[in-house]
Each structure stands twice: as C-alpha cells, then as structure tokens.
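Here it is, the structure in full.
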Amino acid sequence: MAAIAIVVVAIVVIAWVLHREGWQRGWQVFGVSTHDVAWLDLKVITSAAQTAAEGGNPYVANPHDPTGRPLNYPSAWLLIFRRKYTPVGLAAIALGFAAAAFGTLLLWMKSFGTRAGVRVGGLLVSPSLLLAVEGGNTDLPIFALVGLSLLAIDYPRRFLSYLGVVGLLVASVLKLFPVVALVLVIIAGPAAVR
C-alpha cells in the first residue's frame, strides 16, 4: 500500500510541477534530463509510421521525427502505430506504458510490508524510471508484457501458461531483451519463474 501511495502522491506532484514549470524545466526539477519535445522516445516510432505511410523508408530517413532520427525498431512497431496521433493521444499512450509497467511491478510484489513498499515506491519515482516515463519509452510496455507473461506461465491453469509463452514470443518480436526470459522458460520450464 505504501508503494501505491508514494506513486499517487508523485503523480500529483509531477503533474503540478510540469503544469507550473513547463515540460523541460519541470522534468529537470526531478533530476530528469530532457528535451523540449514531449514523449521523444515514442515519437521516433509514430513519426516513422507517418514516413512509411507517405512511401518513405524510416530506416533510412525519418523526416517527421523531431530530431531526424531513423527508426531502429522492428517493423512490427509500425503496424501498431500506423495512425497519426494527436498530442493528447501520444500522452495517453505514454502514460499507459508507464501505468502498465508500474502496475506489473506492483503485481509481482504480491504482498510486502511498509518498509519494502517505501523502497518500491522510491524506485518507481527514481530519475531513471522517470526518464523512461518522460520519453514514452517502449521498454515500459515490454517490461509489463514480459512480467505479466511470466506470471501467467507460473499460473496453475495450462491455458494461461500457454498464453504467457505467447506473450513472451510477442515481446521478443518487439524487442530483443525478452528473448532471455523466453529461453529461460524453455530451458527450465515454469520453475524458472519461481
């Protein structure tokens, strides 16, 4: 409960500071070095989808990206984000990424006391995780997908275990690091999760 309380208070404080100080200065107050562009990590994908929709190759040139970065993600991301998003839509996606990751971490912490809750809450509002939130970083939903998949694999119902393996496969298509979890589950079976 302490971790949830810390996160809720942090959300209110961060929102207030961002509203008062602006995007760049507001994040800097919390130790997050940022650009003046909101959700920059997420925008490399959404801008690449726009470039691809116009017939361009975002792996070579991504002119719609605010900093001109070419796409360096698997093409499956282009399918996920193929429509054009408003600033509010991007914010909803980025905040959804953060909520999914933080919620998954709290699920993994099934029952913990106040001391551990304070530590987890502090971790969730640390500058390194806030940097991921500020950028709308795609590691956040992948962390959630891997974490939920591992929980499903450990569940006694066989259907959920299979669903967990499918989740790890999907995560491995979207990013490289979930392959490690998939290999461990293949080698050690569901016992690898415990």
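The values are calculated or read from the model by the stated rules, or taken from the named source; none is laboratory data. Only a predicted model underlies this, so the values are computations on that prediction, with no experimental measurement involved. Glycine also receives a Cβ, built like all others from the backbone with ideal geometry; neighbour counts cover every protein chain displayed. Remember, those area values only see protein heavy atoms, side chains included, never the ligands or the DNA or RNA. Shrake-Rupley method; radii C 1.70, N 1.55, O 1.52, S 1.80 Å.
Using Cα-only point scatterers and the Debye equation, what is log10 of I(q)/I(0) for segment 11-124 at each q in 0.12 Å⁻¹, rounded to two decimals?
Once normalised to I(0) and log-transformed, intensities are -0.57.
At 1.4 Å probe size, with every protein chain present, just tell me what the per residue accessible area of segment 99-182 comes to in Å².
Result: 53 Å² per residue.
Tell me the relative contact order for segment 51-192 as a rounded percent, counting alpha carbon contacts under 8 Å between residues six or more apart.
Computed value for segment 51-192: 19 percent relative contact order.
Just order 4-10, 94-100, 59-65 by mean Cβ neighbour count inside 10 Å, highest at the front, would you? List each step's numbers first, then the result.
Values: 4-10: 15.1, 94-100: 19.3, 59-65: 16.7.
Put in order of decreasing packing, that is 94-100, 59-65, 4-10.
Over 14 Å apart: what share of the alpha carbon pairs of segment 45-89 falls there, rounded to a whole percent?
So the portion of pairs separated by more than 14 Å is 38 percent.
Please name which of HIS19, SER172, PRO87 has its Cα lying farthest along the dipole of the chain towards the positive end, using unit charges on Cβ (Lys, Arg +1; Asp, Glu -1) and the Cα centre as origin.
Farthest towards the positive end: SER172.
Restricting to Cα pairs below 8 Å that are 6+ residues apart, what does the relative contact order work out to for segment 50-107? Please round to a whole percent. Walk me through the numbers on the way to the answer.
Numbers: 28 pairs, mean separation 12.7, N = 58.
RCO, segment 50-107: 22 percent.
Where in segment 37-114 are there trypsin sites (Lys or Arg not before Pro) that are in a DSSP coil and have at most 14 other Cβ atoms within 10 angstrom of their Cβ?
Those that pass, being in a loop and sparsely packed, are ARG82, ARG83, LYS84, LYS110.
Please list, by residue number, everything in segment 140-158 whose backbone N is under 13 Å from a paramagnetic label point 7 Å out along Cα→Cβ of PHE177.
140-147
Any idea what the dipole of segment 55-129 comes to, in debye rounded to 20, about its Cα centre with Lys/Arg Cβ at +1 and Asp/Glu Cβ at -1?
Values: 7 positive and 1 negative charges, 35 e Å.
In total the dipole reaches around 160 debye.
Same structure, new question: Match the structure shown to one of the listed values (1) 1, 8, 13, 17, 16, 15, 14, 9, 5, 1, 0; (2) 1, 7, 12, 14, 13, 10, 7, 5, 4, 3, 4, 3, 3, 3, 3, 4, 3, 1, 0, 0, 0; (3) 1, 9, 18, 20, 19, 15, 9, 6, 3, 1, 0 of P(r) over Cα pairs in 5 Å bins from 0, in percent, computed from it, and give that label.
(1)
Tell me the label-point distance for the pair ALA61, ILE186, using the 7 Å Cα-to-Cβ offset, in nm and rounded to one decimal.
Simple spin-label model gives 4.0 nm for this pair.
Just reorder VAL180, VAL44 by solvent-accessible area, largest first, 1.4 Å probe, all chains present.
VAL180, VAL44
Now for a different question. Report, in deg cm²/dmol and to the nearest 500, the calculated mean residue ellipticity at 222 nm for the chain, where each DSSP H run with n ≥ 4 adds -39500 (n - 2.57) and the sum is divided by the residue count. Before the final figure, lay out each step's value.
On the way: 10 runs with 132 residues, N = 194.
Theoretical 222 nm ellipticity from helices: -21500 deg cm²/dmol.
Once you have a ≥ b ≥ c as the square roots of the Cα gyration tensor eigenvalues for segment 72-177, tell me rounded if a/c is under 1.5, and otherwise prolate or oblate according to whether a/b is larger than b/c. Working shown, then result.
On the way: a/c = 2.27, a/b = 1.11, b/c = 2.04.
Taking the square roots of the gyration eigenvalues as a ≥ b ≥ c, segment 72-177 is oblate.
Rounded to the nearest percent, how much of the accessible area of segment 60-134 (1.4 Å probe, protein heavy atoms only) is carbon and sulfur? Intermediate results must be reported in sequence, preceding the final value.
Details: 2920 of 4330 Å².
Carbon and sulfur atoms account for 67 percent of the accessible area of segment 60-134.
So, with +1 on the Cβ of K and R and -1 on the Cβ of D and E, and no other charges, what is the size of the charge dipole of the chain about its Cα centre, to the nearest 20 debye?
Working: 14 positive and 8 negative charges, 99 e Å.
My answer is approximately 480 debye.
Also: If R0 is 22 Å, what FRET efficiency do you get for LEU95 and TYR155 from their C-beta distance, rounded to 0.05? Numbers along the way, then the final one.
Numbers: r = 28 Å, r/R0 = 1.27.
FRET efficiency, LEU95 to TYR155: 0.20.
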